[in-house]
Number of protein chains: 2
Amino acid sequence: MSLSTPFTDLVSIEHPIALAPMGGSAGGALAAAVSDGGGLGLVGGGRGDRGWLERELAIVRARTGKPWGVGFLTWAIDIDTMMWALGQHPHAVMLSFGDPGPFAARVRAADVPLIIQVTDLEEAQRAVDVGADLIVAQGSEAGGHGGRRATLPFVPIVVDLAAPTPVLAAGGIADGRGLAAVLALGAAGALIGTRFQASHEAIVPAQVSKAIISGHGADTERTRVLDIARGSGWPAKYTARVLRNAYVDRWRDREEELADDHEALRAYNRAVDDIDTDAISIWCSDAIDLINEVDSATDLVRQLASDASAALARVAGSARTTGC
Amino acid sequence: MSLSTPFTDLVSIEHPIALAPMGGSAGGALAAAVSDGGGLGLVGGGRGDRGWLERELAIVRARTGKPWGVGFLTWAIDIDTMMWALGQHPHAVMLSFGDPGPFAARVRAADVPLIIQVTDLEEAQRAVDVGADLIVAQGSEAGGHGGRRATLPFVPIVVDLAAPTPVLAAGGIADGRGLAAVLALGAAGALIGTRFQASHEAIVPAQVSKAIISGHGADTERTRVLDIARGSGWPAKYTARVLRNAYVDRWRDREEELADDHEALRAYNRAVDDIDTDAISIWCSDAIDLINEVDSATDLVRQLASDASAALARVAGSARTTGC
């Protein structure tokens, strides 16, 4: 059984599952594996590093014949990079975090489905206004960068605002039950990140997948500390959910002081070189308690879809007709 | 159609919906109205004010022949009050916020179903250990007091931990889609508060129901400011989600200073007397965007159940059998 939705129809895929285009870790291999499983693999184009993109888009094109796409950080990319990517014939382009205005018309003119991720109602309205084909309503449970609304209430509110534009849910979805739940909320599918970080195809150090597998959502928090430590330039509006560690504990609520502490910033850079999980950003979802092993991303897509169908069948099986 | 779950079986009700036992506002009339609609009405026994309880339990007993219950703040009640309430023949007793240990055995000895609300995994394990018949996993989207985990990831994690004990979801559920979603997550139903605050039967000033109806989740936050202002004695672990107002803005991150500012505390008391919504606690859910009118609680229960069934039927209708 597969779950057909306006999202699966829009991009001609089997299962209503999209890979979150996680900068750096969602490369061509992971995107291709997700697409091969019947989902939509999205390469994490991030800020638009051309060398990285050329390599990873070549990989995704070589490895899958199924639809795939590419996602960018709206606040950081430039039009030229996006136009180059459009020339690689993606089946969707996703824009996240920042004003999509300067980019939206170009994507639509290329006749490529435009996906816009939003974190509050103002961004959702803006996505509708610029003509998004699909909106991702991302809740604050998400790993990595995002906003303040929680997925469960935020998704139906965006569904109502955006209708008839279809909406994907993101943030806190790591198993088939979560996918089933957001479909019941009215979403046309789920965009999933952290669950795919713990896959064979993600570009992540072993220390990071190990930390995700053994971690707990209660040990995550949203913070700007590590963005400041790495001099990332992220807009202050978007905090990142990370696994709490000694570096975060040390600099919490002292972000301005950190920005001026050159020794602390150098220490962070050394930690990155050493892949020291006591300091570096391990972006992950509030739902990591549900992630217990590293799997093949292709298998994961199929398992998520099959478990979602089973969860829905279980609930439907409990429905009984009564006299009232 | 009704949705049968281990919760509806446990307390012999029609719909998997429980009224959150909101102190002060969930009186006998509201609990009876919810029970009459086919849900489980729970009177908000709060700290156990005996005069209030005697009146409200008399009302619920007089007004409904259906199962009803009573909920208490575990950190604030005493055994005598709870034993007196058990003598009123409730069909369930719910304990929230604090160690249920001293109370659990007494409830079970009375052969009354014991419901324990939890906000983190340690509390969930404790609820299992003391023999809860039903566990409420409450997410931080909830209006009023609670913890830090978000409902969407927290519920399935508690379901796995507590199995085979059934779990209700709470926090951020304000319409039938939300109920359908938490059933898909594996919950046996939903415990709903704020949606029932905006009902004819809730004991709330008109200003409060008006604020809920016109408010937005983005204008809510979790805070201790108003608990300190009203000298409530709440354990610091549990913040409360309230509608942001001028008083919260003024004292945010200055809680210790507020506790010593007698003029500010007097000003809060005056605001309570005047029902001044620029200062008083208006506890409400992150999902209030979904609440747009004041309804009869009996009708609300039926509407929530019917909309949940429709949401599940909609998703099931999109499932199609494929060759794979």
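Of the residues A:Gln138, B:Ala162, B:Ala26, the one whose Cα sits farthest toward the positive end of the charge dipole of the protein assembly as shown, with +1 on the Cβ of Lys and Arg and -1 on the Cβ of Asp and Glu, is B:Ala162.
Do any residues of segment A:198-218 lose at least 20 Å² of accessible area when the full set of protein chains is present rather than just their chain alone, and if so which, with a 1.4 Å probe? At a threshold of 20 Å² (probe 1.4 Å), the residues of segment A:198-218 that become less exposed are A:Ala218. Buried accessible surface for the B/A chain pair comes to about 3700 Å², total over both chains, computed with a 1.4 Å probe. Annotation for B:Gln88, label-to-label distances across the other copies: 6.6 nm (shortest first, one decimal, point 7 Å from Cα along Cα→Cβ). Calculated mean residue ellipticity at 222 nm for chain B: -12500 deg cm²/dmol, from DSSP H runs with n ≥ 4 weighted as -39500 (n - 2.57), summed, divided by the residue count and rounded to 500. When +1 charges are put on Lys and Arg Cβ atoms and -1 charges on Asp and Glu Cβ atoms, the dipole computed for the protein assembly as shown relative to its Cα centre reaches about 1220 debye. When chain B is treated as a GNM with alpha-carbon contacts under 10 Å, the residue of B:Met82, B:Met94, B:Met22 showing the greatest mean-square fluctuation is B:Met82.
With its label point put 7 Å out from Cα toward Cβ, A:Glu255 sits 2.0 nm from the same residue's point in the other copies, in order from shortest. Placing +1 on each Lys and Arg Cβ and -1 on each Asp and Glu Cβ, with no other charges, gives chain A a dipole about its Cα centre of roughly 620 debye. Each part reduced to its alpha carbon centroid, segment A:5-22 and segment A:231-266 end up 34 Å apart. For the peptide B:142-155, the mean number of other protein chain Cβ atoms found within 10 angstrom of a residue's Cβ is 6. Dividing the convex hull volume of the alpha-carbon atoms in chain B by its residue count gives 136 Å³ per residue.
Surface composition of the protein assembly as shown: carbon plus sulfur atoms hold 49% of the accessible area, using a 1.4 angstrom probe and ignoring ligands, DNA and RNA. Around the amide H of A:Ser285, modelled in the peptide plane, lie the amide H atoms of A:Gly143, A:Thr194, all under 5 Å away and 5 or more residues distant in sequence or on another chain. Once all protein chains are placed together, A:Asp274 keeps about 110 Å² accessible to a 1.4 angstrom probe. Rg/Rh for segment B:216-274 stands at 0.94; both radii use Cα atoms, and Rh follows the Kirkwood definition. For segment B:163-194, a decrease in accessible area of 20 Å² or greater in the assembled protein chains relative to the isolated chain, with a 1.4 Å probe, applies to B:Gly172, B:Arg177, B:Ala181, B:Leu183, B:Ala184, B:Leu185. Between copies, B:Arg108 shows label-point distances of 6.1 nm, shortest first, with the point placed 7 angstrom from Cα along Cα to C-beta. Over the C-alpha trace of segment A:1-97, radius of gyration and Dmax come out as 12.5, 42 angstrom. State the antiparallel share, in %, of DSSP beta bridges confined to chain B, rounding to the nearest 5. Around 25 percent of the beta bridges assigned by DSSP in chain B are antiparallel ones. Between B:Ser214 and B:Ala163, the modelled labels are 4.8 nm apart [label points 7 Å from Cα along Cα→Cβ]. Taking a straight line from the alpha carbon of A:Lys237, these aspartates and glutamates sit under 17 Å away, with near neighbours fewer than eight places off in the same chain left out: A:Asp99, A:Asp120, A:Glu122, A:Glu123, A:Glu141, A:Glu221, A:Asp227, A:Asp253, A:Glu255, A:Glu256, B:Asp219, B:Glu221. Helices of chain B meeting both criteria, an alpha-carbon length of 15 angstrom or more along the long axis and an average Kyte-Doolittle score not below 1.6, with helices taken as full DSSP H segments, are B:151-162. Using only Cα atoms, locate the centre of segment B:149-218 and the centre of segment A:157-228, then give the distance between them in Å, rounded to an integer. So the two Cα centres are separated by 21 Å. What the phi angles of segment B:141-147 give under the Karplus curve with 6.51, -1.76 and 1.60, with θ = phi - 60°, is a coupling list of 5, 4, x, x, 6, x, x Hz, glycine and proline written as x. Rolling a 1.4 Å probe over the heavy atoms of the protein chains gives chain A an accessible area of 36 Å² per residue.
Within the listed set A:Gly37, A:Gly186, A:Gly146, the Gaussian network model of chain A (springs between alpha-carbon atoms below 10 Å) gives the highest mean-square fluctuation for A:Gly186. Annotation: A:Lys210 carries an accessible surface of approximately 140 Å², with a 1.4 Å probe and no ligand, DNA or RNA atoms counted.
The values are calculated or read from the model by the stated rules, or taken from the named source; none is laboratory data. Computed from a predicted structure; not experimentally measured. Cβ coordinates were reconstructed from backbone atoms using ideal geometry, including for glycine residues, and neighbour counts include every protein chain displayed. Keep in mind that these areas ignore ligands, DNA and RNA; they rest on the heavy atoms of the full protein, side chains included. Shrake-Rupley method; radii C 1.70, N 1.55, O 1.52, S 1.80 Å.
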